[in-house]
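Colleague: Here's a structure for you.
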Amino acid sequence: MDQGLELHTRSIEQPEAFWGEAAKLIDWQRNAEQVLNSSAAPLYRWFSGGALNTCYNAVDRHVEAGRGEQIAIEYVSPVTGHNRSINYLSLQKQVARLAGLLKSLGVEKGDRVVIYMPMVPETAFAMLACARIGAIHSVVFGGFAANELATRINDAKPKVVLSASCGIEPSGVVAYKPLLDDALAQASHKVDNCVILARPQYQCELTDGRDLDWYSAVADAPEAECEVIAATDPLYILYTSGTTGTPKGVVRDNGGHAVALAWSMSHIYNIEAGDVFWAASDVGWVVGHSYIVYGPLLVGATTLLYEGKPVGTPDAGAFWQTIAKYKVKSFFTAPTAIRAIKREDPDGELIKPYDLSCLGQVFLAGERCDPDTLEWCQSKLDKPVIDHWWQTETGWPVAANLMGVAPLPVKPGSPARAVPGYQVEVLDAMGEQVGANETGNVVIKLPLPPGTLPTLWQNDQRYQDSYLSMYDGYYLTGDAGYIDEDGYLYIMSRIDDIINVAGHRLSTGRFEEVLCQHDSVAEAAVIGVSDKLKGQLPLGLVVLKAGARADHDVLYKELLTLVRSEIGPVAAFKLVSAVPKLPKTRSGKILRATMRKIADNQDYKMPATIEDPQTLDIVQNTLTRMGYSKALTQAVS
Ligand code: COA
Ligand code: AMP
């Protein structure tokens, strides 16, 4: 048996011994009484009775161990032209002061703090400061609009919001403060204070009695010590798209999270203390939480925090230049980023000027990685390129090649085998395991390993309904795929109405809700259509109310603007058209999966339960006009 398989078998057969051993990677304030607590199954808890401080493990212990002068965070910001190196000692001071400020604002253990910030080091300080005092942070991605921020504020009910005057995108300065003010005005929950980081690119007004200037408030704050935190206490809430418009508040605990991330850094990412690791994502996403902030810092590595894009800041060589300059050993990005680079530099000319001998391997995740993209990256860099699969809910990889243990041969199109801790199976609709290479629902046998979601924020019922109810004893990933004869997993698509746009997970249900807010729209269906750059793009079909506006071009512009202002620019909503009627089953269910197949030129069967077969022809013709489905069967009425 190979070493990876051996580890996997032990993790499944003896989970308590396996994770009890892994827990030694972390410094505990109190050892766990039980490694795995199954008393409330199917709600499992890891390291019950244990106590630790995640911030202490990520920061202070490295200073105590003599690593104070080592760089903890390399901030690289091609969009501002400013870079900063922050060592562990300085990180400790800044985090302790910010934590002190939060305490002086009345934030206590268990209180929530929303963080709505760009990719600056202060965002990482903010997360760690919350962890230090046991406050639960909830980072909201900067590309979301005010309304999405308001929804999250209403659910998390924070005492304090930490934000900045602006973010900087290649297209220009994105003023965050007006978005925050708008969100706070919309939210029914009222926050006590906002602490605003003033960036020179955009000056903003502070609201009297509520807002504080970050720099002066932190300068005056006392340093706070690390509190004693139960392993099972929440560290953060991260909202992610569900199938309805209401996002799900994925909860992460302290103990399981620290153990799993520390274990993954060496075993999966091949990173030890002192190495440089770079995850080119955003702190607003789970990749940013796990592998820009917590994972690398927990093991005493240097993390690179990048405020820029793969292309255009300044060119498609930006990643390679940064890797060479900072001696990055493992690099993590999304396939979309590689596709963007490939489009601008197909021959890899912009790789050639840089010495990439430091780089051991590249990891890709966030969306399905098409074999072309993987092979291009592998051949141009001449390095192992590792596709790996996970979700916001799991917090760390479910399937991956263990690069720190025993790398397996790469099969393009597959994120390799299940990682230790995860028993991944493929089931049919009846709950039976399917054979090798047969597609079905990808599930994980309970209990999930440490570091995965114990529940949804204050909503055990939604957690059970969404993930545990379809198959008894299994967690439903929402992905469809198959396992081949060598145990390699292939993730092919979602089984629900979630789409993946440039590695960003979005709910079509939310798009539909927003489109229906328009006065002229009676009904809407949104599907994800294949896109060469972003993987998928949202495409909306709307049925107009009788007597609705006749000028469709004006209407379409209004709809695009509406989605941008309600969901945010990250929605990348640019495709919309009117149809007289949507294809539905006789029971009224919109046939989104069939429409998706038509748009992507895949074979489809006319659903037996369709209410009006002509509606599919109309959709087909509309999609063809929009540049999607190729076959034109019938003229649009
Ligand atoms: N704050 C404010 N706005 C943001 C934002 C943020 N943090 N992040 C993105 N946006 C805006 C962008 O400016 C853009 O707005 P625009 O419509 O005014 O141009 C919009 O949201 C879409 O952004 P993006 O998804 O970045 O698309 P793009 O067309 O600007 O760039 C890529 C294309 C491929 C370069 C980009 O999608 C990319 O880098 N993808 C990698 C994905 C990734 O890292 N995913 C994380 C999961 S691992
Ligand atoms: P998110 O929660 O935003 O990280 O999105 C998770 C979803 O993205 C997964 O459920 C998959 O649908 C998709 N995904 C992430 N990584 C991969 C991958 N390596 N291969 C295929 N799909 C992926």
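The values are calculated or read from the model by the stated rules, or taken from the named source; none is laboratory data. Treat the numbers as computed from the prediction; the structure is a model and nothing was measured. Backbone-built Cβ (ideal geometry, glycine too); neighbour counts: all protein chains shown. The accessibility values were calculated without ligands, DNA or RNA, using every heavy atom of the protein model including side chains. Shrake-Rupley method; radii C 1.70, N 1.55, O 1.52, S 1.80 Å.
Colleague: Just name the residue that is nearest to ligand 2 (Cβ to nearest atom) out of those in region 249-267 that are closer than 14 Å to THR394 by Cβ and outside any helix (DSSP H, G or I).
Modeller: Top of the filtered list is VAL250.
Colleague: Further question: Being within 16 Å of ligand 1 (Cβ to nearest atom), surrounded by fewer than 18 Cβ atoms within 10 Å (Cβ to Cβ) and assigned to a helix (DSSP H, G or I), is that true of even one residue in region 344-356?
Modeller: For region 344-356, residues within 16 Å of ligand 1 (Cβ to nearest atom), surrounded by fewer than 18 Cβ atoms within 10 Å (Cβ to Cβ) and assigned to a helix (DSSP H, G or I): present.
Residues checked against (1) in contact (Cβ under 8 Å) with a residue 40 or more places away in the chain; (2) within 27 Å of SER216 (Cα to Cα); (3) open to solvent by 10 Å² or more (accessible area, probe 1.4 Å):
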| site | (1), (2), (3) |
| --- | --- |
| ALA40 | no, no, yes |
| ALA51 | yes, no, no |
| PRO78 | yes, yes, yes |
| ARG84 | no, yes, yes |
| GLN94 | yes, yes, yes |
| ALA99 | yes, yes, no |
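Colleague: Take the residues of region 192-226 that are part of a loop (DSSP other than H, G, I, E, B) and crowded, with 20+ Cβ neighbours inside 10 Å: which is farthest from the chain's Cα centre (by Cα)? First the steps, then the outcome.
Modeller: Taking region 192-226 and keeping what is part of a loop (DSSP other than H, G, I, E, B), we get 192, 198, 200-201, 203-210, 220-226.
From the residues that got through so far, the ones that are crowded, with 20+ Cβ neighbours inside 10 Å too are 224, 226.
On the way: ALA224: 30, CYS226: 27 Å.
My answer is ALA224.
Colleague: Checking THR80 against (1) in contact with a Phe, Trp or Tyr (Cβ under 7 Å, 6 or more places away or on another chain); (2) within 15 Å of ligand 1 (Cβ to nearest atom), which test does it fail?
Modeller: Among (1) in contact with a Phe, Trp or Tyr (Cβ under 7 Å, 6 or more places away or on another chain); (2) within 15 Å of ligand 1 (Cβ to nearest atom), THR80 violates only (1).
Colleague: Within region 307-329, is there a residue that is modelled with pLDDT of 95 or more, surrounded by 23 or more Cβ atoms within 10 Å (Cβ to Cβ) and not hydrophobic (A, V, I, L, M, F, W, C)?
Modeller: No: region 307-329 contains no residue that is modelled with pLDDT of 95 or more, surrounded by 23 or more Cβ atoms within 10 Å (Cβ to Cβ) and not hydrophobic (A, V, I, L, M, F, W, C).
Colleague: If LEU446 satisfies all but one of (1) in contact (Cβ under 8 Å) with a residue 60 or more places away in the chain; (2) within 16 Å of ligand 2 (Cβ to nearest atom), what's the number of the condition it fails?
Modeller: In the conditions (1) in contact (Cβ under 8 Å) with a residue 60 or more places away in the chain; (2) within 16 Å of ligand 2 (Cβ to nearest atom), LEU446 misses (2) alone.
Colleague: Inside region 475-506, can you point out the residues that are within 16 Å of ligand 1 (Cβ to nearest atom), at pLDDT below 95 and farther than 17 Å from THR336 by Cα?
Modeller: Those that are within 16 Å of ligand 1 (Cβ to nearest atom), at pLDDT below 95 and farther than 17 Å from THR336 by Cα: ARG494, ILE498.
Colleague: Can you find even one residue in region 361-372 that is open to solvent by 10 Å² or more (accessible area, probe 1.4 Å), basic (Lys, Arg), part of a loop (DSSP other than H, G, I, E, B) and at pLDDT below 95?
Modeller: Within region 361-372, one or more residues are open to solvent by 10 Å² or more (accessible area, probe 1.4 Å), basic (Lys, Arg), part of a loop (DSSP other than H, G, I, E, B) and at pLDDT below 95.
Colleague: For residues that are of a type in the set (Val, Ile, Thr) and touching a Ser or Thr at 6+ places or on another chain (Cβ under 7 Å), tally how many sit in region 581-600. Walk me through it before giving the result.
Modeller: Just the residues of region 581-600 that are of a type in the set (Val, Ile, Thr), to begin with: 585, 590, 594, 598.
Then drop every residue that is not touching a Ser or Thr at 6+ places or on another chain (Cβ under 7 Å), which leaves 585, 598.
Qualifying residue count for the region: 2.
Colleague: What's the total number of residues in region 377-417 that are among the small types (Gly, Ala, Ser) and surrounded by fewer than 20 Cβ atoms within 10 Å (Cβ to Cβ)?
Modeller: 4
Colleague: Here is a list: THR303, THR333. Which entry is within 16 Å of ligand 2 (Cβ to nearest atom) and under 22 Å from HIS504 (Cβ atoms)?
Modeller: Working: THR303 fails: within 16 Å of ligand 2 (Cβ to nearest atom).
From the options THR303, THR333, the qualifying one is THR333.
Colleague: Can you report the number of residues in region 475-518 which are more than 9 Å from ligand 2 (Cβ to nearest atom), open to solvent by less than 40 Å² (accessible area, probe 1.4 Å) and not aliphatic (A, V, I, L, M)?
Modeller: So the count comes out to 12.
Colleague: Kindly check whether there is at least one residue in region 134-145 that is without any contact (Cβ under 8 Å) to a residue 60 or more places away in the chain and either over 19 Å from the mean Cα position of the chain (by Cα) or open to solvent by less than 10 Å² (accessible area, probe 1.4 Å) (or both).
Modeller: First, the residues of region 134-145 that are without any contact (Cβ under 8 Å) to a residue 60 or more places away in the chain: 135.
Among the residues that remain, those that are also either over 19 Å from the mean Cα position of the chain (by Cα) or open to solvent by less than 10 Å² (accessible area, probe 1.4 Å) (or both) are: 135.
Within region 134-145, one or more residues are without any contact (Cβ under 8 Å) to a residue 60 or more places away in the chain and either over 19 Å from the mean Cα position of the chain (by Cα) or open to solvent by less than 10 Å² (accessible area, probe 1.4 Å) (or both).
Colleague: To continue, here is another question. Counting only residues that are surrounded by fewer than 17 Cβ atoms within 10 Å (Cβ to Cβ) and either modelled with pLDDT under 95 or within 12 Å of ligand 1 (Cβ to nearest atom) (or both), how many does region 150-173 have?
Modeller: Residues flagged as surrounded by fewer than 17 Cβ atoms within 10 Å (Cβ to Cβ) and either modelled with pLDDT under 95 or within 12 Å of ligand 1 (Cβ to nearest atom) (or both) within region 150-173 amount to 4.
Colleague: What are the residues in region 229-250 that are open to solvent by 10 Å² or more (accessible area, probe 1.4 Å) and hydrophobic (A, V, I, L, M, F, W, C), if any?
Modeller: ALA230
Each row is one residue, and each column tells you yes or no for (1) outside any loop (DSSP other than H, G, I, E, B); (2) more than 16 Å from ligand 2 (Cβ to nearest atom); (3) within 20 Å of the chain's Cα centre (by Cα).
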| site | (1), (2), (3) |
| --- | --- |
| TYR269 | no, no, yes |
| GLU272 | no, yes, no |
| VAL283 | no, no, yes |
| HIS289 | yes, no, yes |
| PRO310 | no, yes, yes |
| THR313 | no, yes, no |
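Colleague: Then there's this: Any residue that is closer than 22 Å to THR54 by Cα, acidic (Asp, Glu) and assigned to a loop (DSSP other than H, G, I, E, B) - is there at least one of those in region 15-24?
Modeller: Checking region 15-24: not a single residue is closer than 22 Å to THR54 by Cα, acidic (Asp, Glu) and assigned to a loop (DSSP other than H, G, I, E, B).
Colleague: Going through region 373-400 one residue at a time, which ones are within 16 Å of ligand 1 (Cβ to nearest atom) and assigned to a loop (DSSP other than H, G, I, E, B)? Break it down into steps so the answer makes sense when it comes.
Modeller: First pass over region 373-400, keeping only residues within 16 Å of ligand 1 (Cβ to nearest atom): 373-374, 376-377, 385-400.
Of everything in region 373-400, those that are within 16 Å of ligand 1 (Cβ to nearest atom) and assigned to a loop (DSSP other than H, G, I, E, B) turn out to be HIS388, TRP390, GLN391, THR392, GLU393, THR394, GLY395, TRP396, PRO397, VAL398, ALA400.
Colleague: Would you mind stating whether LEU541 is more than 14 Å from ligand 1 (Cβ to nearest atom), surrounded by 21 or more Cβ atoms within 10 Å (Cβ to Cβ), in a helix (DSSP H, G or I) and in contact (Cβ under 8 Å) with a residue 40 or more places away in the chain? Reasoning before the result, please.
Modeller: Numbers: more than 14 Å from ligand 1 (Cβ to nearest atom): yes; surrounded by 21 or more Cβ atoms within 10 Å (Cβ to Cβ): yes; in a helix (DSSP H, G or I): no; in contact (Cβ under 8 Å) with a residue 40 or more places away in the chain: yes.
When the stated conditions are applied, LEU541 does not pass them.
Colleague: Right, another one. Where the second residue is within 13 Å of ligand 2 (Cβ to nearest atom) and in a helix (DSSP H, G or I) and the first is free of Cβ contacts under 8 Å to residues at least 40 places away in the same chain and lies in region 352-379, which pairs have Cβ atoms under 6 Å and are six or more apart or on separate chains?
Modeller: These pairs meet every condition: LEU364/PRO335; THR373/PRO335; THR373/ILE338; CYS377/ILE338.
Colleague: Please find, among ALA524, ALA548, the residue that is open to solvent by less than 70 Å² (accessible area, probe 1.4 Å), at pLDDT 95 or above and either more than 16 Å from ligand 2 (Cβ to nearest atom) or of a type in the set (D, E, K, R) (or both). Lay out the reasoning, then the answer.
Modeller: On the way: ALA548 fails: at pLDDT 95 or above.
Checking each option against the conditions leaves just ALA524.
Colleague: Next question, about the same structure. What number of residues within region 326-343 satisfy the criterion of being in contact (Cβ under 8 Å) with a residue 60 or more places away in the chain, more than 12 Å from ligand 1 (Cβ to nearest atom) and not in a strand (DSSP E or B)?
Modeller: The total comes to 1.
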